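Enquirer: One structure, pasted below without further comment.
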Amino acid sequence: MTIQDISCYGQCSLTVALPIISACGVETAILPSAVLSTHTGGFTNFTFRDLTDDIPKIMEHWKSEGIKFECIYTGYLGSLTQIEYVKALFKNVLKEGGLKIVDPAMADNGKLYYGFDADFAHAMAGLCSEADIILPNITEACFMCDKEFIADHHTQEYIDDLLAALKNLGAKKIVLKGVSYEDSKLGIIVYDTVSGEKLDYFNERVAWLSHGTGDCFAAALTGAVLQNRSLYDAAVLAADFVVEALRLTMGDDNHRYGVKFEKALPMLVERLNK
Ligand code: PXL
């Protein structure tokens, strides 16, 4: 089950999570946290229908029906109350031993998304502390751990310090996105805080920025993990999928609001079925 908003136009959150996880062959229930006419990046005057009050009612109905999920994956959440409700969802509608994946989707490029503040970032850190797997980018890690944001030319010490701070939040496994030691490469660190293992993976940097790439990454990773891939293999596949989607979008100036992930789905499915 994935909980995040529906941005009707703009290729992010639920409109990418559902098709991507489904393409991975995994049944996906959804819980929309809000309905927006577009996402909040680069658009103005978007509508925002907050669905916070519906969350406990939906949860109670699922409880009464005995519905429980193998995994709950959370993305963009619209309020502090929603973060508390997600904790209740973890308690009430996740199977015993079920997987909690938290993507603290709230910031990028050194800035919080529209409508979020430091209190929200700290509350999100509290949700991450309950998760099995968290998927922050560098910006989100900095806001949650009160660290200085550095965009690129990262040093090993900077990244290790961030990973240690994320570990202190309490999450078991961390996928840190947007790591860059050299200009031409961008990648991820997959850190198992229990075993101490840290693995990295880098792709050539694609000279194209877009909204929704984090959501595509999280959805592909979730689908692959639920198809029994190791977290590292799932993260590598998700990274390659996002790079492919970015390459397929690159150059289309009318398509800055999201990535053409649909065209990269065959590659994702093929690699998963290998
Ligand atoms: O892609 C993350 C995201 C999800 N949902 C909404 C957003 C954004 C990023 O801007 O605005 C509503």
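The values are calculated or read from the model by the stated rules, or taken from the named source; none is laboratory data. Please read these numbers as outputs of a predicted model, since none were measured by experiment. Note that we place each Cβ from the backbone using ideal geometry, even for glycine, and neighbour counts take in every protein chain shown. Each accessible area value is taken on the protein alone, full model and side chains, heavy atoms only, with ligands, DNA and RNA left out. Shrake-Rupley method; radii C 1.70, N 1.55, O 1.52, S 1.80 Å.
Enquirer: How many of the residues in the stretch 256-274 are open to solvent by 20 Å² or more (accessible area, probe 1.4 Å) and either part of a helix (DSSP H, G or I) or of a type in the set (Gly, Ala, Ser) (or both)?
Expert: Let us first name the residues in the stretch 256-274 that are open to solvent by 20 Å² or more (accessible area, probe 1.4 Å), namely 256-257, 260, 262-263, 265-267, 269-271, 273-274.
With the extra rule that they be either part of a helix (DSSP H, G or I) or of a type in the set (Gly, Ala, Ser) (or both), the set shrinks to 262-263, 265-267, 269-271, 273.
Qualifying residue count, the stretch 256-274: 9.
Enquirer: Another one. Of everything in the stretch 1-46, what is in contact with a His (Cβ under 9 Å, 6 or more places away or on another chain), small (Gly, Ala, Ser) and open to solvent by 50 Å² or more (accessible area, probe 1.4 Å)? Give them in sequence order.
Expert: Correct list: 42 only.
Enquirer: Here's another thing I want to ask about it. Please report, ordered by residue number, the strands (runs of 3 or more DSSP E) entirely within the stretch 166-237 with at least 3 residues that are open to solvent by 40 Å² or more (accessible area, probe 1.4 Å) and touching a residue at least 12 places away in the same chain (Cβ under 8 Å). Steps first, please.
Expert: On the way: elements: 173-179, 185-192, 198-204.
Because the criterion is at least 3 residues that are open to solvent by 40 Å² or more (accessible area, probe 1.4 Å) and touching a residue at least 12 places away in the same chain (Cβ under 8 Å), the strands (runs of 3 or more DSSP E) in the stretch 166-237 that meet it are 198-204.
Enquirer: Here is a further query. Condition test on residue 147, is it within 16 Å of the ligand (Cβ to nearest atom), at negative phi and not hydrophobic (A, V, I, L, M, F, W, C)?
Expert: Details: within 16 Å of the ligand (Cβ to nearest atom): no; at negative phi: yes; not hydrophobic (A, V, I, L, M, F, W, C): yes.
Spelling it out, it is not the case that residue 147 is within 16 Å of the ligand (Cβ to nearest atom), at negative phi and not hydrophobic (A, V, I, L, M, F, W, C).
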